[in-house]
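Please find one structure pasted underneath; my questions will follow.
The values are calculated or read from the model by the stated rules, or taken from the named source; none is laboratory data. Only a predicted model underlies this, so the values are computations on that prediction, with no experimental measurement involved. Heads up, the Cβs are rebuilt from the backbone with ideal geometry, glycines too, and the neighbour counts pull from every protein chain shown.
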Amino acid sequence: MTNLIYIDRKEILKRYKPIDKHTHKGIQGHALIIAGSYGKMGAAVLASKACLKTGCGLVTAFVPKCGYEIVQISIPEAMVLTDVAENFISDIIFEIKPQAIAIGPGLGQGLVTQNAFHEFLKTNRIPLVTDADALNILSLNKSWLSLLAPKTIITPHPKELERLIGKWNSDEEKFEKTKAFSKQYDLIVVMKGAPTHIIDGETIYENTSGNAALATAGSGDVLTGMICSLLAQSYEPIQAAILGVYLHGLTADIALPETGYQSFIASDIISNIGKAFLSIEV
């Protein structure tokens, strides 16, 4: 593969910005996580908590009314805004000025939510990470892809990718189709898998961290929160994607001796983010 760059510790150290010892929460970025629906509030909790643990100064979760107490109790460090609807997102209105937004985890694909997402895309100019049901909504409404701001990060797993770009018959075809898709819409595509690849036009980055323990429910929600956190901390979109994917994988490498593959869950990713940062700072 031409233009293939391996994401290893050496590449990460070129991109990683250590925290300024004089920093404060106001300059560590404010991220907004738009997520959740009835029965899927865990996705909003995982993404928001991961966002905080990756160094973001402030995190606000925008959730349906049914998620208010869940998020407040699960993550006392996060702020919460609620939709007017009880069980799903119906109208994305907020007065805060976040540096980055993530949308999609646990969102559902109801028509009202689809319309709310469409209205949001028409006016949003804030750096964006799009995942999960937000990607599924886009695959149902492909004309909306042109509304995504340049260098929006999308994080599809193989099924979500297939819905966006169509079926492929070989790995080579998958990469060619994804590169064409990335160039057509000027998007950064985080192709989740073993290993995860990041595609930015003609350039492909292959992650070297992580293991099979990451194949667990909620793992992608955590990755979305991590990447959004780095975006809010003023990393360029491609650097946020690279660093987020590498740290996400690193947590599983660090935790594996204690958890084994079977008992590793998405919350273990979050609880090992600190150790992942420490291991690249050595």
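Cβ-Cβ under 8 Å, sequence separation 6+ or interchain: first residue in region 30-46 and surrounded by fewer than 24 Cβ atoms within 10 Å (Cβ to Cβ), partner part of a strand (DSSP E or B). Which pairs?
Sorted first by the residue in region 30-46, then by its partner, the pairs are His30/Leu58; His30/Val59; His30/Thr60; Met41/Val63.
Another question, then. Please name all residue pairs, on different chains or six or more residues apart, with Cβ atoms under 6 Å, provided the first residue is in region 117-141 and is touching a residue at least 12 places away in the same chain (Cβ under 8 Å) and the second residue is basic (Lys, Arg).
Ser139/Arg163
Next question. Considering only region 19-27, I want to know if a residue exists there that is at negative phi, aliphatic (A, V, I, L, M) and crowded, with 18+ Cβ neighbours inside 10 Å.
Looking through region 19-27, none of the residues is at negative phi, aliphatic (A, V, I, L, M) and crowded, with 18+ Cβ neighbours inside 10 Å.
Could you run through region 81-129 and say how many residues are surrounded by fewer than 21 Cβ atoms within 10 Å (Cβ to Cβ), β-branched (Val, Ile, Thr) and either out of contact with any helix residue (DSSP H, G or I) (no Cβ under 7 Å at 6 or more places or on another chain) or under 18 Å from Met226 (Cα atoms) (or both)?
Number of matching residues: 6.
Can you pull out every residue in region 87-101 that is in contact (Cβ under 8 Å) with a residue 40 or more places away in the chain and of a type in the set (D, E, K, R)?
Matches in region 87-101: Lys97 only.
Same structure, new question: Restricting attention to region 130-164, which residues are surrounded by fewer than 13 Cβ atoms within 10 Å (Cβ to Cβ) and either among the aromatic types (Phe, Trp, Tyr) or within 22 Å of His30 (Cβ to Cβ) (or both)? Reasoning before the result, please.
Applying the first criterion (surrounded by fewer than 13 Cβ atoms within 10 Å (Cβ to Cβ)) to region 130-164 yields 140, 142-143, 146, 150, 158-159.
Selection gives Pro150 alone.
Residue-wise test of (1) over 20 Å from Gly244 (Cβ atoms); (2) aliphatic (A, V, I, L, M); (3) out of contact with any Gly (no Cβ under 9 Å at 6 or more places or on another chain).
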position: Ala132; (1), (2), (3): no, yes, no
position: Leu138; (1), (2), (3): yes, yes, yes
position: Ile165; (1), (2), (3): yes, yes, yes
position: Lys174; (1), (2), (3): yes, no, yes
position: Leu187; (1), (2), (3): no, yes, yes
position: Met191; (1), (2), (3): no, yes, yes
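Please find, within region 1-30, the residue that is modelled with the lowest pLDDT out of those that are of a type in the set (A, V, I, L, M, F, W, C) and within 24 Å of Thr196 (Cα to Cα).
To start, the set of residues in region 1-30 that are of a type in the set (A, V, I, L, M, F, W, C) comprises 1, 4-5, 7, 12-13, 19, 27.
In the following step, the residues that additionally are within 24 Å of Thr196 (Cα to Cα) were identified as 1, 4-5, 7, 12-13.
Details: Met1: 61, Leu4: 97, Ile5: 98, Ile7: 98, Ile12: 98, Leu13: 97.
My answer is Met1.
Condition check: closer than 20 Å to Phe117 by Cβ and either modelled with pLDDT of 95 or more or of a type in the set (S, T, N, Q) (or both). Does Glu69 satisfy that?
no
Can you go through Ser48, Ser74 and tell me which one is modelled with pLDDT of 95 or more and over 20 Å from Leu231 (Cα atoms)?
Just a single option satisfies the conditions, and that option is Ser74.
Return a yes/no flag: does region 50-67 have any residue that is surrounded by fewer than 24 Cβ atoms within 10 Å (Cβ to Cβ), of a type outside the set (S, T, N, Q) and either under 24 Å from Gln109 (Cβ atoms) or within 12 Å of the chain's Cα centre (by Cα) (or both).
Yes: region 50-67 contains one or more residues that are surrounded by fewer than 24 Cβ atoms within 10 Å (Cβ to Cβ), of a type outside the set (S, T, N, Q) and either under 24 Å from Gln109 (Cβ atoms) or within 12 Å of the chain's Cα centre (by Cα) (or both).
Checking Ile7 against (1) touching a strand residue (DSSP E or B) at 6+ places or on another chain (Cβ under 9 Å); (2) among the β-branched types (Val, Ile, Thr); (3) over 26 Å from Gln239 (Cβ atoms), which test does it fail?
Condition (3) is where Ile7 drops out.
Looking at the structure I just gave you, is Glu160 part of a helix (DSSP H, G or I) and free of Cβ contacts under 8 Å to residues at least 24 places away in the same chain?
So Glu160 does not fit the description; no.
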